[in-house]
Amino acid sequence: MALDEIKITRAIIERFTEKFLDCLDLDVAIVGGGVSGLVAAWRLAQKGRKVAIFERKLSIGGGMWGGGMMFNEIVVQNEAKPILDELGIASRPYEDEYHTADAIEATTTLASQTVKAGARIFNLIQVEDVMLREDRVTGLVILWTAVDMAGLHVDPMTIRARHVIDCTGHDVEAVKVFLRKNQPVALRTPNGGIMGERSMWAEVGEKMTVEHTSEVYPGLWVAGMTATATLGTFRMGPVFGGMMLSGDKVARLIDAELKSG
(Lines give C-alpha, C1' and ligand atoms only; values in the text may rest on other atoms or scores of the structure.)
Protein backbone atom coordinates (compact mmCIF):
# COMPACT_ATOMS: atom_id res chain seq x y z
CA MET A 1 0.00 0.00 0.00
CA ALA A 2 1.33 3.43 -0.95
CA LEU A 3 1.40 6.01 1.83
CA ASP A 4 0.06 9.48 1.06
CA GLU A 5 1.66 12.24 3.13
CA ILE A 6 -1.31 14.56 2.61
CA LYS A 7 -3.78 11.97 3.86
CA ILE A 8 -1.59 11.47 6.95
CA THR A 9 -1.54 15.21 7.58
CA ARG A 10 -5.30 15.52 6.97
CA ALA A 11 -6.00 12.65 9.38
CA ILE A 12 -4.03 14.34 12.17
CA ILE A 13 -5.65 17.74 11.63
CA GLU A 14 -9.19 16.41 11.32
CA ARG A 15 -9.04 14.06 14.28
CA PHE A 16 -7.29 16.57 16.57
CA THR A 17 -9.78 19.27 15.59
CA GLU A 18 -12.68 16.92 16.29
CA LYS A 19 -11.24 16.12 19.72
CA PHE A 20 -10.47 19.74 20.56
CA LEU A 21 -13.88 21.06 19.50
CA ASP A 22 -15.53 18.46 21.71
CA CYS A 23 -13.67 19.91 24.72
CA LEU A 24 -14.53 23.59 24.34
CA ASP A 25 -17.30 23.19 26.90
CA LEU A 26 -16.46 20.96 29.88
CA ASP A 27 -17.71 19.90 33.26
CA VAL A 28 -14.16 20.12 34.59
CA ALA A 29 -10.96 21.61 33.15
CA ILE A 30 -7.73 20.55 34.84
CA VAL A 31 -4.56 22.62 34.58
CA GLY A 32 -1.55 20.32 34.83
CA GLY A 33 -1.13 16.66 33.98
CA GLY A 34 0.78 15.50 37.03
CA VAL A 35 -0.29 12.78 39.44
CA SER A 36 -3.13 14.63 41.17
CA GLY A 37 -4.46 15.98 37.87
CA LEU A 38 -4.43 12.56 36.23
CA VAL A 39 -6.13 10.86 39.18
CA ALA A 40 -8.77 13.60 39.32
CA ALA A 41 -9.45 13.28 35.59
CA TRP A 42 -9.58 9.48 35.81
CA ARG A 43 -12.08 9.54 38.66
CA LEU A 44 -14.26 12.24 37.11
CA ALA A 45 -14.33 10.43 33.77
CA GLN A 46 -15.31 7.21 35.57
CA LYS A 47 -18.29 9.13 36.94
CA GLY A 48 -19.31 10.20 33.44
CA ARG A 49 -18.09 13.78 33.71
CA LYS A 50 -16.72 15.61 30.69
CA VAL A 51 -13.16 16.41 31.71
CA ALA A 52 -9.93 17.44 30.01
CA ILE A 53 -6.36 18.12 31.16
CA PHE A 54 -4.26 20.94 29.73
CA GLU A 55 -0.53 20.35 30.25
CA ARG A 56 2.10 22.88 29.19
CA LYS A 57 4.91 20.32 28.78
CA LEU A 58 5.37 17.67 26.12
CA SER A 59 5.24 14.90 28.72
CA ILE A 60 2.64 14.24 31.39
CA GLY A 61 3.02 12.68 34.82
CA GLY A 62 4.77 15.57 36.55
CA GLY A 63 7.53 14.50 38.93
CA MET A 64 6.48 10.86 39.12
CA TRP A 65 8.57 9.92 36.05
CA GLY A 66 11.80 10.50 37.96
CA GLY A 67 10.89 8.86 41.26
CA GLY A 68 13.30 10.27 43.82
CA MET A 69 16.36 12.05 42.39
CA MET A 70 16.14 10.01 39.15
CA PHE A 71 15.89 6.68 41.01
CA ASN A 72 12.74 5.74 39.15
CA GLU A 73 10.86 4.05 41.96
CA ILE A 74 8.03 5.70 43.87
CA VAL A 75 6.70 5.14 47.37
CA VAL A 76 3.08 5.22 48.52
CA GLN A 77 1.66 4.60 51.97
CA ASN A 78 -1.03 2.09 52.91
CA GLU A 79 -3.89 4.58 52.43
CA ALA A 80 -3.11 5.04 48.74
CA LYS A 81 -2.34 1.43 47.80
CA PRO A 82 -5.98 0.69 46.82
CA ILE A 83 -5.61 3.31 44.07
CA LEU A 84 -2.54 1.52 42.70
CA ASP A 85 -4.43 -1.76 42.84
CA GLU A 86 -7.48 -0.38 41.06
CA LEU A 87 -5.31 1.07 38.32
CA GLY A 88 -3.48 -2.24 37.92
CA ILE A 89 -0.08 -0.85 38.92
CA ALA A 90 2.14 -3.54 40.42
CA SER A 91 3.59 -2.72 43.83
CA ARG A 92 5.71 -4.40 46.49
CA PRO A 93 5.47 -3.94 50.27
CA TYR A 94 8.39 -2.31 52.02
CA GLU A 95 8.58 -2.69 55.79
CA ASP A 96 5.43 -1.81 57.74
CA GLU A 97 3.30 0.70 55.85
CA TYR A 98 5.12 1.52 52.65
CA HIS A 99 4.78 0.19 49.11
CA THR A 100 7.03 0.77 46.13
CA ALA A 101 6.17 0.82 42.43
CA ASP A 102 8.11 1.32 39.23
CA ALA A 103 7.80 5.01 38.34
CA ILE A 104 7.54 4.35 34.61
CA GLU A 105 4.81 1.73 35.00
CA ALA A 106 2.95 3.96 37.44
CA THR A 107 3.04 7.01 35.18
CA THR A 108 2.19 5.28 31.92
CA THR A 109 -0.55 3.12 33.46
CA LEU A 110 -2.18 6.09 35.18
CA ALA A 111 -2.09 8.10 31.95
CA SER A 112 -3.48 5.20 29.91
CA GLN A 113 -6.30 4.44 32.34
CA THR A 114 -7.22 8.13 32.47
CA VAL A 115 -7.66 8.28 28.70
CA LYS A 116 -9.43 4.92 28.58
CA ALA A 117 -11.91 6.18 31.20
CA GLY A 118 -12.88 8.97 28.78
CA ALA A 119 -10.80 11.98 29.85
CA ARG A 120 -8.97 14.02 27.23
CA ILE A 121 -5.37 15.15 27.63
CA PHE A 122 -3.97 18.08 25.65
CA ASN A 123 -0.23 18.55 26.04
CA LEU A 124 1.88 21.52 24.91
CA ILE A 125 -0.91 23.93 25.87
CA GLN A 126 -0.20 26.76 28.28
CA VAL A 127 -2.93 28.19 30.50
CA GLU A 128 -2.25 31.92 30.60
CA ASP A 129 -5.42 33.16 32.30
CA VAL A 130 -8.85 32.12 33.54
CA MET A 131 -12.31 33.22 32.45
CA LEU A 132 -14.57 35.02 34.93
CA ARG A 133 -18.29 35.69 35.11
CA GLU A 134 -19.14 37.97 38.02
CA ASP A 135 -17.61 36.26 41.06
CA ARG A 136 -16.90 32.80 39.60
CA VAL A 137 -14.14 31.18 37.55
CA THR A 138 -15.81 29.75 34.45
CA GLY A 139 -13.00 28.48 32.27
CA LEU A 140 -9.47 28.82 30.93
CA VAL A 141 -7.57 31.04 28.52
CA ILE A 142 -5.11 28.89 26.58
CA LEU A 143 -2.18 29.29 24.22
CA TRP A 144 0.31 26.91 22.63
CA THR A 145 3.35 26.51 24.89
CA ALA A 146 5.68 27.09 21.93
CA VAL A 147 4.05 30.46 21.27
CA ASP A 148 4.57 31.47 24.88
CA MET A 149 8.19 30.26 24.86
CA ALA A 150 8.94 32.20 21.67
CA GLY A 151 7.41 35.36 23.08
CA LEU A 152 5.19 35.81 20.05
CA HIS A 153 2.26 38.23 20.17
CA VAL A 154 -0.55 35.78 19.40
CA ASP A 155 -4.00 36.01 20.92
CA PRO A 156 -5.19 33.01 22.97
CA MET A 157 -8.43 31.03 22.86
CA THR A 158 -10.78 29.83 25.58
CA ILE A 159 -12.24 26.75 27.23
CA ARG A 160 -15.48 26.96 29.21
CA ALA A 161 -15.79 24.77 32.32
CA ARG A 162 -18.14 24.52 35.26
CA HIS A 163 -15.14 23.83 37.50
CA VAL A 164 -11.38 24.40 37.11
CA ILE A 165 -8.73 22.51 39.08
CA ASP A 166 -5.20 23.89 39.41
CA CYS A 167 -2.86 20.88 39.55
CA THR A 168 0.29 22.70 38.43
CA GLY A 169 2.24 21.78 41.55
CA HIS A 170 4.84 24.10 43.05
CA ASP A 171 4.17 26.74 40.37
CA VAL A 172 0.49 27.31 41.27
CA GLU A 173 0.03 28.74 37.77
CA ALA A 174 -3.73 29.19 37.49
CA VAL A 175 -4.15 30.52 41.03
CA LYS A 176 -1.26 32.98 40.60
CA VAL A 177 -2.58 34.48 37.37
CA PHE A 178 -6.09 34.69 38.82
CA LEU A 179 -4.84 36.64 41.83
CA ARG A 180 -2.53 38.88 39.80
CA LYS A 181 -5.24 39.98 37.43
CA ASN A 182 -8.13 40.34 39.84
CA GLN A 183 -6.86 42.25 42.87
CA PRO A 184 -8.17 42.85 45.48
CA VAL A 185 -10.01 39.54 45.20
CA ALA A 186 -9.34 37.13 48.09
CA LEU A 187 -8.97 33.37 48.20
CA ARG A 188 -10.40 31.11 50.89
CA THR A 189 -7.03 31.01 52.65
CA PRO A 190 -5.96 32.49 55.99
CA ASN A 191 -4.29 35.49 54.32
CA GLY A 192 -6.57 35.73 51.29
CA GLY A 193 -3.68 34.86 48.97
CA ILE A 194 -1.09 32.15 48.34
CA MET A 195 0.39 31.02 51.65
CA GLY A 196 3.49 29.43 50.13
CA GLU A 197 5.08 26.01 50.35
CA ARG A 198 7.21 25.20 53.38
CA SER A 199 10.27 22.94 53.64
CA MET A 200 10.08 19.17 53.71
CA TRP A 201 8.18 17.28 56.41
CA ALA A 202 6.70 14.25 54.66
CA GLU A 203 4.31 13.06 57.36
CA VAL A 204 2.59 16.42 57.80
CA GLY A 205 2.89 17.35 54.13
CA GLU A 206 1.11 14.20 52.98
CA LYS A 207 -1.78 14.66 55.39
CA MET A 208 -2.20 18.36 54.74
CA THR A 209 -2.03 17.98 50.95
CA VAL A 210 -5.22 15.95 51.16
CA GLU A 211 -6.80 18.13 53.85
CA HIS A 212 -6.10 21.35 51.91
CA THR A 213 -7.60 19.98 48.67
CA SER A 214 -10.50 22.39 48.29
CA GLU A 215 -12.31 25.14 46.39
CA VAL A 216 -10.35 28.34 47.04
CA TYR A 217 -12.65 30.60 44.99
CA PRO A 218 -15.99 29.79 43.38
CA GLY A 219 -15.23 27.47 40.47
CA LEU A 220 -11.47 27.28 41.22
CA TRP A 221 -10.07 24.27 43.06
CA VAL A 222 -6.58 23.25 44.18
CA ALA A 223 -5.19 19.72 44.45
CA GLY A 224 -1.83 18.04 44.93
CA MET A 225 1.19 20.28 45.43
CA THR A 226 -0.92 23.27 44.37
CA ALA A 227 -3.02 22.75 47.51
CA THR A 228 0.19 22.51 49.53
CA ALA A 229 1.55 25.78 48.15
CA THR A 230 -1.74 27.68 48.14
CA LEU A 231 -2.75 26.91 51.71
CA GLY A 232 0.76 26.74 53.11
CA THR A 233 2.10 23.43 54.36
CA PHE A 234 5.20 21.27 54.07
CA ARG A 235 6.46 19.52 50.96
CA MET A 236 6.65 15.74 51.02
CA GLY A 237 9.24 14.64 48.45
CA PRO A 238 9.06 11.39 46.45
CA VAL A 239 6.09 9.83 48.24
CA PHE A 240 3.05 10.01 45.99
CA GLY A 241 0.17 8.69 48.04
CA GLY A 242 -0.99 12.14 49.11
CA MET A 243 -1.01 13.33 45.50
CA MET A 244 -3.18 10.38 44.48
CA LEU A 245 -5.54 10.79 47.42
CA SER A 246 -5.79 14.53 46.73
CA GLY A 247 -6.81 13.89 43.11
CA ASP A 248 -9.35 11.34 44.30
CA LYS A 249 -10.76 13.77 46.87
CA VAL A 250 -11.14 16.74 44.52
CA ALA A 251 -12.94 14.50 42.02
CA ARG A 252 -15.40 13.37 44.69
CA LEU A 253 -16.02 16.92 45.88
CA ILE A 254 -16.62 18.29 42.38
CA ASP A 255 -18.80 15.34 41.39
CA ALA A 256 -20.98 16.07 44.42
CA GLU A 257 -21.20 19.76 43.40
CA LEU A 258 -22.20 18.80 39.87
CA LYS A 259 -24.87 16.44 41.19
CA SER A 260 -26.31 19.18 43.37
CA GLY A 261 -26.60 21.50 40.38
Might you let me know whether the stretch 34-50 holds any residue that is more than 26 Å from His170 (Cβ to Cβ) and touching a Lys or Arg at 6+ places or on another chain (Cβ under 7 Å)? no
Check His170 against each of (1) at pLDDT 95 or above; (2) under 15 Å from the mean Cα position of the chain (by Cα) and name the one condition it does not meet. (1)
Taking the stretch 122-154 only, how many residues are small (Gly, Ala, Ser), out of contact with any strand residue (DSSP E or B) (no Cβ under 8 Å at 6 or more places or on another chain) and part of a strand (DSSP E or B)? 0
Is at least one residue of the stretch 150-169 touching a Lys or Arg at 6+ places or on another chain (Cβ under 8 Å) and surrounded by fewer than 20 Cβ atoms within 10 Å (Cβ to Cβ)? no
Tell me, please, whether a residue that is within 19 Å of His163 (Cα to Cα), free of Cβ contacts under 8 Å to residues at least 12 places away in the same chain and either surrounded by fewer than 17 Cβ atoms within 10 Å (Cβ to Cβ) or polar (S, T, N, Q) (or both) can be found in the stretch 236-258. yes
Could you list, ordered by first residue, the pairs with Cβ atoms under 9 Å in which the first is in the stretch 190-207 and free of Cβ contacts under 8 Å to residues at least 24 places away in the same chain and the second is small (Gly, Ala, Ser), at least 6 apart or interchain? Asn191/Gly232; Gly192/Ala186; Gly193/Ala186
Is it true that Ala45 is in a helix (DSSP H, G or I) and more than 11 Å from Arg120 (Cα to Cα)? no
Is it true that some residue in the stretch 195-212 is hydrophobic (A, V, I, L, M, F, W, C), assigned to a loop (DSSP other than H, G, I, E, B) and surrounded by fewer than 21 Cβ atoms within 10 Å (Cβ to Cβ)? yes
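The values are calculated or read from the model by the stated rules, or taken from the named source; none is laboratory data. Here the structure is a predicted model, which is why all the values come from computation and not from measurement. Because the Cβ atoms are built from the backbone with ideal geometry, glycine has one as well, and the counts that use them run over all protein chains shown.
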